[in-house]
Each structure stands twice: as structure tokens, then as C-alpha cells.
């Protein structure tokens, strides 16, 4: 409260007491405070998203590096399998057997993936659309009353 001759005069921020301020002044102050609050919240959200984005980028890079190392590890195991089969057979036959086995696994995975994609179609969220249609029907019905 402001002081007049050492005594509190009941004013709030120089605009009179809370009971003396007009509705327009209160609305203006409320709007300014809400605007300030929203700007601060947006800045906070931006900073948080920036921080999380950096972490996600680093994590994505690590996943990429692990995938590359896993690829080379798998290639080493495949080479070892070819070398093991090449002991009793010629090298070309061992490579042909391992290559055929890999192609067979790739084909089976492709068929399983295709089945999963078919189950996911159509890409529209059916349950959410039905729920929204129900909500709209309810709103229309209540608006007629």
C-alpha cells in the first residue's frame, strides 16, 4: 500500500483500492497479466522443447551408430558361417548356402511385415472418428433444445 504522511492510504499500485478500481481497469490488468503469463509459458515451452530436441538428436545419433555396429557384427557372423561351411565344401557353395538362407529369412520377414501393414489399414483412427461423430450428434441434439 502507498504511504501518505507515513500512513497507508489503501491504494493498490496507485490505482485506488481494489473496491475503487473500475471494471475496465481490472479487465485491462487481467488481460495484461494473462498476456504476460502466456508469453512466459511459451518461452518456457520453447526452452524445454529445445533442450529435449538436443537430447533426442544425440540419442538418435547413438541409435544410428549402434545400428551400424550391429550391421558390421552381423556381417562378421555371416562371414564366420560361410567360413565354417567352407571347411567341407568349396567357398562358393558355402557363400551360396548362407546367401540363400538370408534371402529366405528376408522373404519371411517381408511377408510378416506386409500382413502387419494390411492390419493397420486404413490409417484413419476409426475409434476416434466414431467418438467425434457421436460428440457432434450430441452437441447438435442439445443445441436444438
Residue within the range 99-106 that is in contact (Cβ under 8 Å) with a residue 12 or more places away in the chain, surrounded by 10 or more Cβ atoms within 10 Å (Cβ to Cβ) and part of a helix (DSSP H, G or I) present: yes
One residue from 52, 118 being surrounded by fewer than 10 Cβ atoms within 10 Å (Cβ to Cβ) and assigned to a helix (DSSP H, G or I): 118
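We did not get these values from a lab; they are worked out from the coordinates using the rules stated. Quantities reported herein were computed from a predicted structural model and do not represent experimental measurements. Heads up, the Cβs are rebuilt from the backbone with ideal geometry, glycines too, and the neighbour counts pull from every protein chain shown.
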